[in-house]
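Every read-out reported here was derived from the displayed coordinates using simple, explicitly stated rules and does not represent laboratory data. Note that the coordinates shown come from a computational prediction; the quantities given were computed from them, not determined experimentally. Ideal geometry is used to build each Cβ from the backbone, glycine not excepted, and the neighbour counts take in all protein chains shown.
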Amino acid sequence: MKHDIYSTEGLYKIVEKTDISETISKHVIFAPLIAAKAKAGHFVILRSREGGERIPVTLVDWSPENGTVTVIIQSIGKSTTEMNAFKQGDSFSDVAGPLGTPVEIKKWGTVLGVGGGVGIAELYPIAKAYKQAGNKIVSILGARNKGLLILEREMAELGEIIVTTDDGSAGKKGLVTDAMNDLYAAGKGPDAIFTIGPIIMMKFVAQASLPHRTPTFASLNPVMLDGTGMCGGCRVEIGGKPKFACVDGPMFDAHQTNFDLLLKRTAAYRGQEKDSLERYAKGHQCRIGLH
Amino acid sequence: MENKPKKPTPSIKQNLGRHQDPLARRSNFDEVALGFGPEEALTEAARCLGCKTKPCELACPVNVKIPEFIDLLYKEDTGAAASKIFETSLFPAICGRVCPQETYCEAACVLKDKFGPVSIGRLERFTADYARNNGLITPPPCAPDTDKKVACVGSGPTSLAVAAELRKLGHAVTVFEALHEFGGVLSYGIPTFRLPREVVRFEVDMLRRMGVRFLKNVLVGKSLTIEELKKDFDIIYIGSGAGLPSPMNAPGEDLVGVYSSNEFLTRINLMGAYKFPENDTPYYIGEKVVVVGGGNTAMDSARCAQRLGPKSVSLLYRRTRAEMPARGEEVENAMEEGINFEFLTAPVELEGDEQGRLKRVKCVRMALGEPDASGRRKPLPQPGSEFYIEADSLVVAIGQSPNPVIQQTTPGLSANKWGGIIVDEATAKTSLDGIYAGGDVVRGGATVLLAMKDGKAAARAIHEKLSAGTK
């Protein structure tokens with residue numbers, strides 16, 4: 001079916017919602033313009049309601065035919081918890097996009113995807129696009145525990161997967177970088193690496209691949225406000241120069257990225273975020289283990 | 001009003017309007033200027049001589065029919081006065097608040113030197129507010145629909161002006177906005193205490209009632225390119241504004257607590273962070289705030305910060321008050337509200353703690369030398385004058401350049417070295433056929449009124465182009 005991309009009819013309605021785990025949900029949202037234009041690496045900015053925060057989330061999937069886009073959200077703060085409390089048929093007040101610069105899809109040979117936690121969701125469309133471009137895909141999927149591991153089956157359809165968990169409840173006990181080092185030691189070093197997950201994980205992935213000179217790209221997730229290149233809040237340092245993650249990224253050369261600065265800058269609002277979540281959790285059935 | 005003064009009575013003292021008390025207003029986001037009541041408006045209207053030469057109207061960037069609307073106001077027909085303004089400008093409630101009238105119409109008023117000018121801006125605001133609040137506003141009639149489609153990129157003042165003019169002429173207009181709220185800088189930049197949001201929303205709604213279509217959450221250049229829009233629209237008008245913040249390029253600018261004015265004002269105004277946690281977007285200012293800059297954006301930033309209740313807000317400007325580009329009234333307002341002005345002062349380095357949070361600002365005192373290219377005396381750092389100011393947060397408000405997203409994604413669209421789209425001055429036409437541009441994306445950071453003026457001029461040229469070849 002051909003959708004009118006300029007129509008506002010039914011816009012931002014959740015046509016399908018699936019809870020993947022206790023704190024992670026998949027939302028399929030009606031947004032025909034975004035669905036028609038989306039490419040791997042694009043993100044959207046969601047707002048749940050009037051007065052809500054602008055939350056950037058990378059697209060997991062999209063269907064121009066159905067006019068829908070798919071995102072996977074992990075309940076971390078108040079806004080994401082509130083979004084995951086939405087039911088099928090509810091609507092976001094805003095979905096802006098597609099935003100950012102899509103990843104350049106080309107033939108590398110073997111592409112290694114290293115995803116951590118909910119970052120696996122963002123890795124999936126990129127791995128899929130590289131697979132379609134004729135690359136061999138190997139993925140290392142890391143999570144704190146089995147319950148937080150997502151998209152294992154989907155990623156396995158694209159190629160070999162190696163699972164690591166902090167507690168050993170699924171796959172190997174250990175870190176994603178342990179699995180990377182094993183690959184290099186076995187002479188199975190990849191031709192390119194894409195990593196998405198916690199900043200500290202991406203930092204160590206970059207460190208692990210640097211001695212092997214494997215081109216490595218990380219999807220950066222700084223504090224973002226407008227997402228349109230206007231405020232500079234999401235500025236990151238790449239090769240010693242400032243870049244805006246919202247328009248220049250979010251994917252950057254990991255070996256050129258100043259991860260330490262990014263770690264400091266993302267801590268800017270931790271206090272307020274915690275207060276806000278605690279206040280919200282008091283008034284609602286708590287889903288994320290706070291009292 | 002009984003016993004209203006006979007018109008003209010120019011010798012009545014000019015009424016500069018009432019303001020919220022400085023001590024009260026520095027802790028709220030309500031409007032500072034309170035506006036005229038009906039009697040004050042009538043008395044002020046009575047001062048107008050109704051000059052046949054209309055110097056005020058000629059000085060107005062959008063040529064509001066000033067003597068005529070003031071006369072209708074005096075005759076107590078406020079609805080007709082509003083309609084008279086609408087003939088050339090659809091946004092009197094906005095212009096009446098944010099236009100620097102003292103440099104346009106009021107500077108041209110013949111009463112200026114002897115008695116003080118007629119308070120034209122305040123009368124314009126009264127007319128618009130009274131008409132709006134009493135249901136006296138009817139959207140202007142639109143010509144029969146043509147089959148021409150126009151896309152306006154951005155929903156700030158320049159696009160709103162284009163949309164209004166072209167819709168009146170019967171063209172189908174769609175306005176694309178990247179953010180979730182319409183109005184551009186009127187929504188994300190200018191604080192509510194200078195321009196209440198209901199005023200902006202009312203004006204947008206009026207255009208909607210005229211048949212203009214508004215689409216939010218579309219970042220043209222990313223969500224859709226100009227080339228893609230070209231397939232669905234006959235004409236595209238780019239009014240994407242000056243959204244790119246200029247950094248100071250001082251060491252330490254990446255410390256937590258250092259904001260561009262765009263980020264700070266967007267958090268406070270667009271996202272309503274001043275109501276955190278009722279609204280979800282947070283802000284962080286700490287106890288000591290420093291603002292750098294001397295323009296209206298710097299004043300807005302400092303005054304927003306003051307309302308969030310820190311211990312101190314200091315504003316650093318490298319020249320003196322006389323050279324400040326900010327409107328005099330805004331500087332006075334800021335001073336009354338307790339902003340500490342440090343003139344002839346520039347930051348040279350920002351220092352933080354181990355967590356990467358701003359702690360203090362190393363500054364240097366300046367002295368004014370010979371005039372530079374801008375005609376203003378060039379500030380020169382004084383050796384040995386370095387000193388420190390403690391700061392938990394700092395807002396950089398030293399200018400904006402044109403938003404680059406469209407220029408970067410539109411092959412063949414010519415831009416100058418500052419990123420501004422190059423247009424033909426008379427027609428607002430860009431280097432690409434059917435594509436026009438105006439406002440801050442052409443000028444760099446200028447004013448709401450010049451953006452509207454550009455929009456009106458562009459609309460004339462666009463209409464001419466659309467009418468050529470049709471009968």
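Per-residue 3J(HN,Hα) values for region B:334-349, derived from phi via the Karplus relation 6.51 cos²θ - 1.76 cosθ + 1.60 with θ = phi - 60°, read 5, 5, 4, 7, x, 5, 8, 8, 10, 7, 6, 9, 10, x, 10, 7 Hz in sequence order (x marks Gly and Pro). For region B:9-24, backbone phi angles converted through the Karplus equation (6.51, -1.76, 1.60; θ = phi - 60°) give residue-by-residue couplings of 10, x, 7, 4, 4, 4, 8, 8, x, 8, 10, 4, 4, x, 5, 6 Hz, Gly and Pro being listed as x. Scanning residues 5 or more positions from B:Thr146 or on other chains, those with amide H under 5 Å from its amide H are B:His171, B:Ala172, with H placed 1.01 Å from N in the peptide plane.
If you sort the three axes of the alpha carbon gyration tensor as a ≥ b ≥ c, you get a/c of 1.5 or more for region B:192-263 and a/b no higher than b/c, which makes it oblate. The alpha carbons of the protein assembly as shown occupy a box of 96, 72, 53 Å along the principal axes, longest dimension given first.
This ranking places B:Arg125, B:Arg443, B:Arg208 by how few other beta-carbon atoms lie within 10 Å of each, fewest first, which gives B:Arg208, B:Arg443, B:Arg125.
Would you mind checking region A:38-68 for residues with the amide N under 17 Å from a putative spin-label position 7 Å along Cα→C-beta of A:Thr18? Zone members listed by number: A:59-63, A:66, A:68. Peptide B:398-411 is shielded by partner chain Cβ atoms: per residue, an average of 1 of them sit within 10 Å of its Cβ. Within 10 Å of the Cβ of each residue in B:216-228, the mean number of Cβ atoms contributed by other protein chains is 6. Across region B:128-143, computed HN-Hα scalar couplings (Karplus, 6.51 cos²θ - 1.76 cosθ + 1.60, θ = phi - 60°) run 5, 5, 5, 5, 5, 6, 10, x, 8, 9, 10, x, x, x, 10, 5 Hz from first to last residue, x flagging Gly and Pro. Close amide H pairs (under 5 Å, H built 1.01 Å from N) link B:Leu315 with B:Val291, B:Asn340, B:Phe341, B:Glu342, residues at least 5 positions away or on another chain. Peptide B:241-254 is shielded by partner chain Cβ atoms: per residue, an average of 3 of them sit within 10 Å of its Cβ. By other beta-carbon atoms within 10 Å, ranking A:Lys282, A:Lys274, A:Lys87, B:Lys54 with the fewest at the front produces A:Lys87, A:Lys282, A:Lys274, B:Lys54.
Scattering from chain A was approximated by placing one identical point on each alpha carbon and applying the Debye formula without solvent; log10 I(q)/I(0) at 0.10, 0.12, 0.13, 0.15 1/Å stands at -0.52, -0.77, -0.91, -1.23. Is chain B rounded, prolate or oblate when judged by the Cα gyration tensor, a ≥ b ≥ c being the square roots of its eigenvalues, rounded requiring a/c under 1.5 and prolate requiring a/b larger than b/c? Verdict is oblate for chain B.
Electrostatic bookkeeping for B:Gly183 treats Lys and Arg as +1 and Asp and Glu as -1; over the other residues with beta carbon under 10 Å from its beta carbon, the sum is -1. Of the residues A:Tyr124, B:Tyr388, A:Tyr280, A:Tyr184, the one with the fewest other Cβ atoms within 10 Å heads the list, and the complete ranking is B:Tyr388, A:Tyr184, A:Tyr280, A:Tyr124.
Taking label positions 7 Å along the Cα-Cβ direction at both B:Phe387 and A:Lys106, the computed distance is 5.6 nm, reported to one decimal. In this structure the amide hydrogen of B:Ala242, modeled in the peptide plane, comes within under 5 Å of the amide hydrogens of B:Asn403, B:Asp440, B:Val441, none closer than 5 places in sequence on its chain. Report note on the peptides B:359-368, A:4-13, B:212-221: ranked by the mean count of other C-beta atoms within 10 Å, highest first, their order is B:212-221, B:359-368, A:4-13. In chain B, once you exclude exposed GluC sites (Glu not before Pro) (DSSP loop, at most 15 other Cβ within 10 angstrom), what's the longest stretch remaining? Between exposed loop sites, the widest span is B:88-277. A cut-off under 13 angstrom between Cβ atoms defines the neighbours of B:Glu287, and their net charge, with Lys, Arg +1 and Asp, Glu -1, is +3. Let a ≥ b ≥ c be the square roots of the eigenvalues of the Cα gyration tensor of region B:223-365; is it rounded (a/c under 1.5), or, if not, prolate (a/b larger than b/c) or oblate? The shape class here is prolate. Note on B:Phe115 and B:Ser27: their simple-model spin labels are 4.2 nm apart, each label 7 Å out from Cα toward Cβ.
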